Amino acid sequence: MEKKLLIKYVDVDIYQQELLVLKNVQLEVHSGEFVYLVGKVGSGKTTLLKSIYHEIPILSGVAGVLGYDLRDLKLNDSPFLRRKIGIVFQDFQLLTDRTVYQNLNFVLKATGWKDQIAIDEQINSVLIQVGMKEKGYKMPHQLSGGEQQRIVIARALLNSPEMILADEPTGNLDPETGNELVELLYKIRLSGTTVIMATHNLNLLDKFQGRVFRCENENLAEISDESYI
Amino acid sequence: MTQVKAKAPKQGLLNIHLTSTISMSLVLFLIGMVFLLLLVAHDTSTYVKENINLSVILEDGVGKQDVKRIENFLTESSFAKSVDYISKADALKDHIANLGENPQDFLGYNPLKASIEVKLHAAYANNDSVTEIEAKLKPFPHINRIIYQKDMVSLVNDNVKKISFILLGLAVVLLFVSIALINNTIRLSLYSNRFLINTMKLVGATPWFIRKPYLMRSMLNGLIAALISILLLGGVVYFVQYEFGISGMMFYSLNFLFVAFIVILSGVFLSAVSSYFAVGKYLRMHSNEMFSM
């Protein structure tokens, strides 16, 4: 199977407001890859992910994601890019005014699903995948941090995206549950979905093989398998 | 495992901010009140104007055919609302009824003259038009003179103009006040939703998909506020009619329908426009900016 180029960054400078976070970023990610982003707190992992889903504008270089030119992408078009990406947000970004079920329902409705039976099936299937089948009726604030995290992962899986961006998906989880979820993401990769994961949990890198990028001193560099520790 | 059922979340119809609805309905009540006053003032002036008589006093011994000709001319003209011929005998009867004595007794003859009483349409009840009407009647023979209370007419016209002007000014000011208030109320209630709107953006919802439920909800809210204010207005109108017994005089029901229409329209329209722009503001905003506002 030929691998599709999903992300291509050439000479990209990424700014968080006026502050330069990463400069001269070169990044190529293909379909089916499992990519780790490591680096200290504040080194720009989240900012890089935000730039991929067009929350942070890119002003220099060449930046293409899933066939969209990020430098040319209109505000009205960014929803369509985001639909192709499943995003696991560091701060969850759940709709706090409605139940878990309604959160997932909103995403499906917003992305054009019409058939309520199909919607219910899809919601059930992702909730089962993350082991939260019984919690659909709860409000986000009634869930623990780890449970919310799992709902966010379920939400990212809803539209069978070509690419999943996960920002610290194991941050709020016990090691066991964390492993389970990463394993889930790792399995999804086998069906051709690319996973890009920012993490501090270096143990994962041993268990689940993947490409590793390190953010350091405003630079993004790929490091070989052995040297990340 | 025992499960504690979570409280069902507030949704749909119940998810309306009661305080904002009430403050909106009070503003709409004021708008409706001013419009109602404006219409009542207009109706009252029409009523007064159309009850001022233009009297065409005829000479004694005028022939029936001449009277008929003048009467026909008046009935067919555009300015006359009603035309009544009052013969000498009728005039005498009126006089006796009004003053209680018969001038024939001491004069020996009937001094009163026959006349044609014309009530003008409100649009013609001003001095310019009356002068023209006088000119048109001049060619007819046997007209003694034409009486019209020009002073009274210009007094009525001047006052109505002044009152209408003041009310209109008040309506404009109130409209601005209400736009500002409604806009503020809606923006405040949407401000608390700014992070939700941002989240919706992040999960791939289009701007219109995000806007739609907010628009629907605030339009519904505006409609409810309008209905509340119509109830209030209805109460005021009922009280005024009941207390002062002037129900028959004004054409209240039609006016009231018109005012109700204006109140509903402005309630729904203003809420829709305000929430459209308020949501749009957060749709354009980056999440970074939301923390620093």
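What follows is calculated from the coordinates using simple rules that are stated; it is not laboratory data. Computed from a prediction, not measured in an experiment: that's the story for all the values here. Positions of Cβ are backbone-derived with ideal geometry, glycine not excepted, and every protein chain shown enters the neighbour counts.
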| request: With 10 Å bins from zero, work out the P(r) of the stretch B:100-224 over every alpha carbon pair and list the percent per bin. | output: 9, 19, 15, 13, 10, 11, 10, 7, 4, 2, 0
| note | If every Lys and Arg gets +1 and every Asp and Glu gets -1 at its Cβ, then about the Cα centre the protein assembly as shown yields a dipole, in debye to the nearest 20, of 520 debye
| note | Treating only Lys and Arg (+1) and Asp and Glu (-1) as charged, each at its beta carbon, one finds that the stretch B:53-148 has a dipole about its Cα centre, in Debye to the nearest 20, of 200 debye
| message | List the aspartates and glutamates whose Cα sits under 12 Å from the Cα of residue B:281, skipping any in the same chain fewer than 8 residues away. | response | B:289
| field | Rg and Dmax [Cα atoms of the stretch B:53-148; Å; Rg one decimal, Dmax integer] | value | 14.3, 43
| query | Using Cα atoms only, what is the angle between the long axis of helix A:100-110 and the major principal axis of chain A, expressed in degrees (0 to 90) to the nearest 10? | reply | 70 degrees
| said: Can you compute the helix-only [θ] at 222 nm over chain B? Use -39500 (n - 2.57) per DSSP H run of at least 4 residues, normalise by all residues, nearest 500 deg cm²/dmol. | reply: -23500 deg cm²/dmol
| request: Provide, in order from the shortest bin, the percent of all Cα-Cα pairs of the stretch A:94-160 in each 5 Å bin, continuing until the bin that contains the maximum pair distance. | output: 4, 20, 34, 26, 13, 3, 0
| task | Using only the alpha-carbon atoms of the protein assembly as shown, report the extent along each of the three principal axes, biggest first, to the nearest angstrom. | result | 138, 57, 39
| Across 10 Å bins from the origin, how do the percents of Cα pairs in the stretch A:18-76 run, short distances first? | 18, 55, 26, 1
| task | Measure nothing but the geometry: give the 0 to 90° angle between the long axis through the Cα atoms of B:252-284 and the longest principal axis through the Cα atoms of chain B, rounded to 10°. | result | 30 degrees
| query | Can you work out the FRET efficiency for the pair residue A:200 and residue B:231, with r the C-beta to C-beta distance and R0 = 41 Å, to the nearest 0.05? | reply | 0.10
| query | Where the Cα atoms of chain B are projected onto their three principal axes, how long is each span, largest first, in whole Å? | reply | 114, 40, 28
| message | I'd like to know which of A:15, A:38, A:60 lies farthest towards the positive end of the charge dipole of the stretch A:9-94, counting +1 on Cβ of Lys and Arg and -1 on Cβ of Asp and Glu. | response | A:38
| Which one of B:129, B:178, B:45 has the biggest mean-square fluctuation once chain B is modelled by GNM with Cα springs under 10 Å? | B:129
| Under a GNM of chain B (C-alpha, springs under 10 Å), which listed residue has the highest mean-square fluctuation: B:242, B:85, B:282? | B:242
| said: In whole Hz and in residue order, list the ³J(HN,Hα) couplings for the stretch A:146-159 that follow from phi through the Karplus curve 6.51 cos²θ - 1.76 cosθ + 1.60, θ = phi - 60°; x for Gly and Pro. | reply: x, 5, 4, 4, 5, 4, 5, 5, 4, 5, 5, 7, 3, 9
| task | May I ask for the angle, rounded to the nearest 10°, between helix B:88-99 and the longest principal axis of chain B, with both axes built from Cα atoms and the value confined to 0 to 90°? | result | 70 degrees
| Subset of B:113/B:162; B:88/B:161; A:50/B:212; A:135/A:207 violating a 32 Å alpha-carbon distance limit | B:113/B:162; B:88/B:161
| said: What distance in nm lies between label points placed 7 Å from Cα along the C-beta direction at residue B:188 and residue B:257? | reply: 3.7 nm
| message | Please give the charge dipole size of chain B, origin at the Cα centre, charges +1 on K and R Cβ atoms and -1 on D and E Cβ atoms. Round to the nearest 20 debye. | response | 2320 debye
| Taking a threshold of 22 Å on the Cα-Cα distance, which of the pairs A:74/B:201; A:84/A:138; B:81/B:136 fall above it? | A:84/A:138
| Given R₀ = 51 Å, FRET efficiency for residue B:117-residue B:265 by Cβ-Cβ distance, to 0.05? | 0.75
| Tell me, how many Å apart are the Cα centres for the stretch A:80-144 and for the stretch B:202-228? | 22 Å
| query | Which of A:113, A:175, A:198 sits closest to the plus end of the dipole of chain A, meaning its Cα is farthest towards the positive end, when Lys and Arg get +1 and Asp and Glu get -1 on the C-beta? | reply | A:113
| note | One would report the antiparallel percent of DSSP beta bridges in the protein assembly as shown, rounded to the nearest 5, as 65 percent
| query | How large is the helix-only mean residue ellipticity at 222 nm for chain A, computed as the sum of -39500 (n - 2.57) over DSSP H runs with n ≥ 4, divided by its residue count, in deg cm²/dmol to the nearest 500? | reply | -9500 deg cm²/dmol
